[in-house]
Amino acid sequence: MLKVAMISTGEEVLHGDITDTNAAWLSALLFQRGFPMSRRTTVGDQLDMLAKEIEHCSVTADVVIVNGGLGPTTDDLTAQAAAIAANVGLELVDEWVAAMEEKYAKLGRVMPETNLKQAMLPEGSEVLDNPVGTACGFAMRINRAWVFFTPGVPSEFKKMVHEQILPRLAANYANTSARECIRLHTFGLSESGIGQSLQAIRLPDDFELGYRSEIPFIEVKVFCPQDHPQAPAIVEAIANQLGDNLVGHNQPLLNAVGELIEQKEYSLAVAEHYSGGFLTSWLYDDEYLAERVVQSWILGRGNLPKEHHQAPMEASLSMAQAAREKNQADIGLAIGTEQDGHVVVALVTPEGEWAQQVSTKRRYATRDFRYVLSTLGLDMLRRWLEDKPVLGHSESLQRIDQRENRY
């Protein structure tokens with residue numbers, strides 16, 4: 001099997017100042033295209049360490065992708081490290097100097113001399129075009145491997161991978177193992193519970209199940225050969241086991257609700273107390289929901305009428321109803337006040353009203369609890385839009401009280 005390695009560079013990546021989203025993105029992409037990674041490392045801005053890692057990967061892998069360190073500053077050391085690993089010198093590539101000068105000229109600026117460093121490449125390397133930025137990529141043979149050097153800026157990196165690297169891999173390496181990953185997003189189930197319920201499903205050869213837990217969701221991943229004829233039946237069997245806790249098929253809950261509410265052309269008004277605007281901010285991450293939110297109220301903690309504490313269920317339903325009526329929205333969604341660890345989430349629609357007062361079975365940080373409650377509200381909306389029971393089951397929440405009134 002083809003061995004592919006990736007080296008991420010930079011002190012900011014090594015020490016966690018920034019999240020290495022490039023590595024996660026590339027790993028998933030190459031897996032789907034049939035070129036799964038066998039090694040992934042991160043090296044700081046240390047010339048000798050980077051050169052040694054490039055050399056090591058070049059004798060243990062067939063393809064190496066090095067990300068970052070191609071800028072004009074003194075801590076951008078990748079080209080120099082590549083030259084050391086390949087035991088060659090650096091040379092000025094006139095064609096890239098001209099390309100950079102043209103880029104600056106279009107901006108009405110003169111290229112700084114420091115940018116010449118970005119055209120100093122190892123002898124014999126091939127330039128990989130970067131139409132977005134000033135850092136060209138380059139490719140070269142080192143020991144047994146083809147090594148591709150790419151800029152760290154995500155937009156530049158992704159474009160170079162798609163336009164320069166993937167076509168070369170497809171042309172030079174036989175690919176008989178392209179796979180796909182089908183993602184089933186769940187809310188309200190535990191990883192152990194899901195694993196137990198799926199034990200009865202017999203997977204064909206070359207099928208694998210994976211799980212990813214990130215509060216408050218658990219994602220079930222089905223890895224299989226691309227376009228496998230048994231994949232739809234296997235996914236359907238898994239979906240049946242997950243039941244109405246399945247909140248999104250190949251898309252998160254937020255996007256699934258966004259598509260549903262756009263299809264039905266409903267408008268939405270939101271009222272929040274304990275969540276403090278968390279739900280509203282989250283809704284704006286989806287283009288459809290952002291267009292459908294007509295109003296959002298955030299109630300301050302110091303100005304709540306006493307009935308919010310005396311009758312939290314009725315108060316939260318009133319919040320949802322008032323938000324709906326005053327803004328002439330189709331749907332009202334509210335998250336009430338917190339009292340002794342209990343919070344009410346309420347939904348009001350043209351067909352009825354639902355509310356549930358919940359507490360957690362495990363201890364959450366405040367932000368995580370807001371996320372859980374916002375998810376609970378969004379899931380209630382999803383269930384209503386899909387004509388499923390609005391008040392569902394959750395293994396991590398305890399329902400203290402509930403109300404359901406269909407019109």
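Out of 315, 346, 320, 334, one residue alone is modelled with pLDDT under 95, crowded, with 16+ Cβ neighbours inside 10 Å, hydrophobic (A, V, I, L, M, F, W, C) and under 17 Å from residue 275 (Cβ atoms). It is 315.
Conditions first: (1) closer than 19 Å to residue 271 by Cβ; (2) free of Cβ contacts under 8 Å to residues at least 60 places away in the same chain; (3) open to solvent by 10 Å² or more (accessible area, probe 1.4 Å). Residue 387 passes all but one, so which condition is the exception? Going through the list (1) closer than 19 Å to residue 271 by Cβ; (2) free of Cβ contacts under 8 Å to residues at least 60 places away in the same chain; (3) open to solvent by 10 Å² or more (accessible area, probe 1.4 Å), residue 387 breaks only (1). Among the residues of the range 267-283, those that are within 25 Å of the chain's Cα centre (by Cα) and touching a residue at least 12 places away in the same chain (Cβ under 8 Å) comprise 275, 276, 277, 278, 279, 280, 282, 283. Of all the criteria given as (1) open to solvent by less than 70 Å² (accessible area, probe 1.4 Å); (2) touching a residue at least 40 places away in the same chain (Cβ under 8 Å), the one not satisfied by residue 407 is (1). In the range 29-75, the residue that is surrounded by the most Cβ atoms within 10 Å (Cβ to Cβ) out of those that are under 18 Å from residue 163 (Cα atoms) and of a type in the set (S, T, N, Q) is 67.
Screening the range 323-407 for strands (runs of 3 or more DSSP E) wholly inside it with 3 or more residues that are touching a Phe, Trp or Tyr at 6+ places or on another chain (Cβ under 7 Å) returns the ranges 331-339, 342-349. Only one entry in 316, 374 is in contact (Cβ under 8 Å) with a residue 60 or more places away in the chain and either farther than 19 Å from residue 300 by Cβ or polar (S, T, N, Q) (or both), namely 374.
Taken residue by residue, the range 41-61 has no member that is part of a loop (DSSP other than H, G, I, E, B), among the acidic types (Asp, Glu) and within 30 Å of residue 1 (Cβ to Cβ). Taken as a whole, the condition of being open to solvent by less than 40 Å² (accessible area, probe 1.4 Å), without any contact (Cβ under 8 Å) to a residue 40 or more places away in the chain and over 25 Å from residue 1 (Cα atoms) does not apply to residue 126.
Within the range 12-24, being open to solvent by less than 60 Å² (accessible area, probe 1.4 Å) and either in contact with a helix residue (DSSP H, G or I) (Cβ under 7 Å, 6 or more places away or on another chain) or of a type in the set (Gly, Ala, Ser) (or both) holds for 16, 20, 22, 23, 24.
Flag set for residue 167, criterion: over 23 Å from residue 382 (Cβ atoms), free of Cβ contacts under 8 Å to residues at least 24 places away in the same chain and open to solvent by less than 70 Å² (accessible area, probe 1.4 Å). Being assigned to a helix (DSSP H, G or I) and either crowded, with 18+ Cβ neighbours inside 10 Å or of a type outside the set (Asp, Glu) (or both) is the filter here, so list the residues in the range 217-237 that pass it. The answer is 231, 232, 233, 234, 235, 237.
The values are calculated or read from the model by the stated rules, or taken from the named source; none is laboratory data. As the structure is a prediction and not an experimental result, all values here were calculated from the model. With ideal geometry, Cβ positions are generated from the backbone for all residues, glycine too; neighbour counts draw on all protein chains shown. Side chains are part of the model used for accessible areas, which takes the heavy atoms of the whole protein and leaves out ligands, DNA and RNA. Shrake-Rupley method; radii C 1.70, N 1.55, O 1.52, S 1.80 Å.
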